Amino acid sequence: MFNVDDIRKDFPILSRKVNGKPLVYFDNAATSQTPQQVIDVIVDYYSNYNANIHRGVHSLSQEATDKYEHARQKIQKHFNAKHAHEIIFTSGTTHGINLVANGFSSLLKKGDEIIVSALEHHSNIVPWQMLCERTGATLKVIPMNQDGELIISDFDNLLSDNTKLVFVNHISNALGTINPIEHIIKQAHLYGAAVLIDGAQSCPHIKPDVQALDVDFYVASAHKMCGPTGQGMLYGKESWLKKLPPYQGGGEMIAEVTFEKTTYADLPHKFEAGTPNICGGIAFGAALDYMNSIGFDTIAQYENELLEYATQELLNIDELTIYGTSQQKTSVISFNLDGIHPYDVGTILDKLGIAVRTGHHCAQPIMDFYCIPGTVRASFAFYNTKAEIDALVAGVKKAKMMLA
Ligand SMILES: *Cc1c(COP(=O)(O)O)cnc(C)c1O
């Protein structure tokens, strides 16, 4: 049985005060909080077996290597990848996307096309623009509708034999829309295009099965799913990872080095130059253990209840508009009060101890679409409560009175 009061005890930060008020943390789409179980793993690493991996004969190095590679296997299992070496440790989603974009530099030519969506995070737009500049390929954009959903018939029409790559986020961080990636992957494959899914926003809520999806690349960040910052993963199909050239040169990624020629290491080390975030990788594994111990079905069901409740309560406030009204949504609510700047609302909420995000959420094209400077975004995690939503609603009402 899911008991949110018990769950909250796992997160030390949730009992602190901010500006004299109990913290209400609704900025989960930017980063999630960390349970004691993961903090303990981090402390244990630095207290007991901190050592560099893969190169030492000594016991600490062996122990660190074993734990790090065991974490890779946990990630493999979680995402249902066929092989552990298809999991590349990265510093986060942005790193994973840049790794793939860089790899495609040598595979694309003028006339080739890359399709992205109108719902993308900047980290999923800029690397493709840079890739197009380098290769002469063209960027095409799947448009969105007023509900914040991709217009899928337009996507189908954008596809052609020139399409080489399709990049879409699984869930939009600005609006919470769940995109129909099963359809997108299937259609793109009919034209031989590779598909990269940005899972930064989906992985905190659902458990993707990369083999069932038949996706070519899938990226995620640990810090949005109860893990540490500076850690993420790239899943790539073995065939694609073999085709792509290494991203960075350095130690760990080589098989043999002479000044005449260097040969590269096998997967996954080919893409893991230098000393990685060893503790981060191990803690990522612990974060997956923690979330799986609660269960993703349980998490999704509870978060949906929070989403429905918050949507209904916020819509009771006059002159409040919610952006992103897709039926397929996770627990993100982007909203504005008529004639009031989101930043001012966010500042008043902060005084009340309520943490929300304000601004364009690294997704300026979406804000341009709605002709707004930004939104107030409240994003919920499984450790939030209805009582906290009541505090938010009261805070928004107060902000409205003070600013109107
Ligand atoms: C947070 C986020 C990113 C960037 O993740 P980093 O951890 O900052 O690299 C990319 N895409 C989406 C949809 C996100 O929510």
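When both residues are 6+ apart or on different chains and their Cβ atoms are under 6 Å apart, which pairs have a first residue that lies in region 28-49 and is in contact (Cβ under 8 Å) with a residue 12 or more places away in the chain, and a second that is away from the ligand (no atom under 16 Å from the Cβ) and charged (D, E, K, R)?
From residues that are in contact (Cβ under 8 Å) with a residue 12 or more places away in the chain, the pairs are P35/D10; Q36/D10; Y49/E63.
Would you tally the residues in region 204-234 being within 21 Å of S293 (Cβ to Cβ) and within 10 Å of the ligand (Cβ to nearest atom)?
7
What residue, of A287, A283, A273, is part of a loop (DSSP other than H, G, I, E, B), crowded, with 17+ Cβ neighbours inside 10 Å, touching a Pro at 6+ places or on another chain (Cβ under 9 Å) and on the phi < 0 side of the Ramachandran plot?
A273
Please indicate, with yes or no, whether at least one residue in region 76-90 is more than 15 Å from the ligand (Cβ to nearest atom), among the acidic types (D, E) and closer than 29 Å to G295 by Cβ.
Yes, region 76-90 contains at least one residue that is more than 15 Å from the ligand (Cβ to nearest atom), among the acidic types (D, E) and closer than 29 Å to G295 by Cβ.
Mind checking which residues of region 1-51 are outside any helix (DSSP H, G or I), open to solvent by 20 Å² or more (accessible area, probe 1.4 Å) and touching a helix residue (DSSP H, G or I) at 6+ places or on another chain (Cβ under 6 Å)?
F2, D10, N19, T31, Q33
Tell me which residues, restricted to region 335-357, are within 16 Å of the ligand (Cβ to nearest atom) and more than 12 Å from G395 (Cα to Cα).
R357
The values are calculated or read from the model by the stated rules, or taken from the named source; none is laboratory data. What you see is a predicted model, and the numbers here were worked out from it, not measured in a lab. Cβ coordinates were reconstructed from backbone atoms using ideal geometry, including for glycine residues, and neighbour counts include every protein chain displayed. Note: areas computed on protein heavy atoms with side chains; ligands, DNA, RNA excluded. Shrake-Rupley method; radii C 1.70, N 1.55, O 1.52, S 1.80 Å.
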